[in-house]
Amino acid sequence: GAGVSQSPRYKVAKRGQDVALRCDPISGHVSLFWYQQALGQGPEFLTYFQNEAQLDKSGLPSDRFFAERPEGSVSTLKIQRTQQEDSAVYLCASRKTSGTYTGELFFGEGSRLTVL
Amino acid sequence: RKEVEQDPGPFNVPEGATVAFNCTYSNSASQSFFWYRQDCRKEPKLLMSVYSSGNEDGRFTAQLNRASQYISLLIRDSKLSDSATYLCVVDMRFGAGTRLTVKP
């Protein structure tokens, strides 16, 4: 597709449920990032992939959060045993370059998770 | 201490005003610097990169001060359409954003 695609756009989960959020990056983009954005805050870094390798997962807030990109394209962010504080918009971004810090990030529209 | 810090504002300015935002960062070895713009309930989009020598794009000027570890964004002759949240990004880490409202 032309841009980064995320699904679902909206997800409501009961506390304790597991959720999976999907990101389909721009074709050919090497780097993929996940961010968590709470209301009124900036995006908080969660994790970074270069192709299929997860090079940085320092931002994952707990072991309930897990991300994968097994074939170096589509990525899934999984949250186990959701808690109310997990409620946020989860943004995925891809970047053409493989350099750690260079290049423009292209964002998807985000997946808005509400945990009741 | 957060890696990237911004004054959250809000900044409320009249059309035509000049407004400046600053952003400080904690890692002196940081290598990449950007300003992104985020409209309400939309995804962030790149506004401009920030280079060591400073750079300008129309009404927007970005500067980097490595010694003091801050970057700045200057918007001249502000327009109603400039109303948004401005996010500074250092090594792919975002600040909390500064909200700007330009009023007629």
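Bear in mind these aren't lab numbers, they're just calculated from the coordinates by the rules spelled out. Model, not experiment: these values are computed from the prediction. Virtual Cβ from ideal backbone geometry, glycine too; neighbours counted across all protein chains shown.
Laid out as a table, the results:
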| item | result |
| --- | --- |
| Neighbour net charge for A:Leu77 - beta-carbon separation under 9 angstrom, K R +1, D E -1 | +1 |
| Reciprocal of mean inverse Cα separation for chain A (Kirkwood radius, Å) | 14.0 Å |
| Tail weight of P(r) past 20 Å, computed on alpha-carbon pairs of chain B, percent | 33 percent |
| Proxy reagent accessibility, fewest Cβ within 10 Å first, across A:Leu60, B:Leu46 | B:Leu46, A:Leu60 |
| Exceeding the 29 Å Cα-Cα cut-off - candidates A:Lys96/B:Lys2; B:Lys2/B:Lys79; A:Lys14/A:Lys96; A:Lys14/B:Lys45; A:Lys78/B:Lys2 | B:Lys2/B:Lys79; A:Lys14/A:Lys96; A:Lys14/B:Lys45 |
| Histogram of C-alpha separations across the protein assembly as shown, 10 Å bin width, % | 8, 33, 34, 19, 5, 0 |
